[in-house]
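Before any comments, here is the structure.
The values are calculated or read from the model by the stated rules, or taken from the named source; none is laboratory data. From a predicted model like this one, the values you see are computed outputs, not experimental measurements. In this analysis, Cβ positions are derived from the backbone assuming ideal geometry, glycine residues included, and neighbour counts consider all displayed protein chains. Surface accessibility is based on the protein's heavy atoms, side chains included, excluding ligands, DNA and RNA. Shrake-Rupley method; radii C 1.70, N 1.55, O 1.52, S 1.80 Å.
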Amino acid sequence: MKLSTIAATLAGLGTKPTQSLGQNFLHDQNIAKWIVEQAGLKPGEPWVEIGPGLGALTEFAVDISRHGILLEKDDRFAPWLREQFRTVEVVHGDVLDFDPRELFWRGPLPVFGNLPYYVSSQILFQFTAEPSPASRMVFTLQRELAERLCAKPDTSEYGALTVLIGRRWNAKLIKHLPPQIFTPVPKVGSAVVLLTPRVDDRLPECEGALFRELVKRGFSQRRKQLNKMLELDRWPEFAAKLGVPVTARAEDLSLAHWVTLTNLATDAPDDHSAGAQDVNGEMFDVVDDQNRVIDQQPRGVVHRDRLLHRAIHIFVFNKEGELFLQRRSRWKDAHPRRWDSSAAGHVNAGDDYDTTAPRELSEELGVTAPLGFVGEVSACRNTGWEFVKIYRADHSGPFRLPPAEIECGGFFSIAQIQRWVDARPEDFANGFIECWRTLAAAGRLSPGTQAAG
Ligand code: SAM
């Protein structure tokens, strides 16, 4: 958008740039086009822009795909954007009130924007937090924030933000921008950052909640030694295993160190793939088509020969009536990285459903809670030839998720999941879809549904 067009548009709207909303408008069209190109939009596919303002980036984005979602707070710009870009959806409001979970049904999508600097770190955490609907992100940030995001250990920029976001996202500073390409000219420098998901790279997995806890604790007073900050009795032993001095501070630990430290603190190895695959020796009861036990066979044989067997699924609801979904780890032999029930597992040989359910709840989510039976699904291809009993529990977390089994998880409203299941059933494990449909048909997904008799 040219400088003269910005001035004319603001005059037409009878307004001036609002400093408190971080309004600095980009008037270099080459840079605007370049930023949109970095976001990797695809024709016909949805995208999200944060803080579109007068549409400096939007006009290039709609040329690639018309299916944009614009998140804009300014009362005068939002209706103007609706008029200007008829094919996009304008969400008028504070981006911090926007729920990214509303986006999952559209599939992973690019998110970009020249962010308002006064809230950019909150926006970064909002869209990078697990689980995130973004496929990649391109943001213009205040230069100092961009440098913190992409910092290396042992520098003053390196901090909790670098490590917390770095665990799931590769952050790369791809361009410094001079203040003169914005109007009004900001007092600070700017830089463009590209965030791409870390998928199957060399960084090991670890338990996410404890990782966040340790990093926040460690960096809360960055000049102090971790020995004093972490509240880990075994810190001297862990420091030796990490190869760092016992006097180390938070900024001395690389991202990989923080991950390994989390695994040491949970007595877990860095390589979780072995744990995930070490299941073929398990024995299951084999049942007939009336769900009567007729044999016992190892897991590998049961699955290979499609023998009928038993499993439980647990639906855990929080106080708001939202359902916790887990994303299966990349090492799962069936449905890796798909979304699934809060917890689920096979009934082992000699066990029954009612003893299996609390065990799985504790093993997969690290909690205990009263469980109520709410439904069942007969063995079929979609359940993986399992006779499933479904239980519900009420628990709002936090949960400890074993990394070998579960990549991440999150609570979603029933409406969000229904829309997602309808639009993208391929994102879910088939067994979950069967359980979901069974409970939906029985009216057992609404908040406060009691256990079946
Ligand atoms: N994208 C435009 C450009 O590059 O010219 C404008 C960028 S300007 C730096 C930031 C934009 O974010 C403004 O349009 C401002 O109104 C909007 N904004 C500020 N605070 C916001 C918030 N909390 N939620 C959503 N939009 C916000």
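For the range 1-110, with every protein chain kept in place, what is the accessible area per residue (1.4 Å probe, Å²)?
47
If you put +1 on each Lys and Arg Cβ and -1 on each Asp and Glu Cβ, how big is the dipole of the chain around its Cα centre, in Debye rounded to 20?
Here the size comes out at about 1460 debye.
Quick one: of LYS152/LYS175; LYS33/LYS175; LYS175/LYS224; LYS152/LYS187; LYS187/LYS224; LYS2/LYS33, which pairs are farther than 22 Å apart, Cα to Cα?
Exceeds cut-off: LYS175/LYS224; LYS152/LYS187; LYS187/LYS224.
Per-residue HN-Hα couplings for the range 130-143, Karplus 6.51 cos²θ - 1.76 cosθ + 1.60 at θ = phi - 60°, whole Hz, x for Gly and Pro?
Computed from phi, the couplings for the range 130-143 are 7, x, 10, x, 7, 8, 6, 9, 10, 10, 8, 10, 4, 3 Hz.
Hey, can you find the accessible area per residue of the range 219-326 for me, probe 1.4 Å, expressed in square angstrom?
For the range 219-326, the per-residue accessible area is 50 Å².
Go through 224-233, 43-52 and give me the packing order, highest mean Cβ count within 10 Å leading.
43-52, 224-233
In Å and whole numbers, how far do the C-alpha atoms of the chain stretch along each principal axis, longest first?
Result for the chain: principal-axis Cα extents of 81, 56, 36 Å.
Normalised by the residues of the chain, what does the relative contact order come to in percent, with Cα pairs under 8 Å and at least six apart?
Computed over the chain, the figure is 11 percent.
Tell me which trypsin sites (Lys or Arg not before Pro) from the range 263-358 have a DSSP coil assignment and no more than 10 other beta carbons within 10 Å of their own.
ARG292, LYS319
Once the Cβ-Cβ distance between ASP289 and ALA129 is put in as r, and R0 is 30 Å, what FRET efficiency do you end up with, to the nearest 0.05?
Rounded to the nearest 0.05, the efficiency is 0.10.
Name the residue from SER132, THR368, ILE433 whose Cα lies farthest towards the positive end of the charge dipole of the chain, charges +1 on Cβ of Lys and Arg and -1 on Cβ of Asp and Glu.
SER132
Report, to the nearest whole %, how much of the accessible area of the chain belongs to carbon and sulfur atoms, 1.4 Å probe, protein only.
After summing per-atom areas, the C and S share lands at 49 percent.
Which of TRP331, ALA7, GLY107 sits farthest toward the positive end of the charge dipole of the chain, with +1 on the Cβ of Lys and Arg and -1 on the Cβ of Asp and Glu?
ALA7
Straight-line reach from LYS319: which lysines have Cα under 25 Å away, leaving out those fewer than 8 places along the same chain?
LYS389
Rounded, prolate or oblate: which fits the range 163-285, taking a ≥ b ≥ c as square roots of the Cα gyration tensor eigenvalues, rounded meaning a/c under 1.5, else prolate when a/b beats b/c?
oblate
What is the antiparallel percent of DSSP beta bridges lying wholly in the chain, to the nearest 5?
Antiparallel: roughly 60 percent of the beta bridges in the chain.
When only DSSP loop residues count, what trypsin sites (Lys or Arg not before Pro) in the range 1-110 have their Cβ near at most 10 other Cβ atoms within 10 Å?
Passing sites in the range 1-110 are ARG86.
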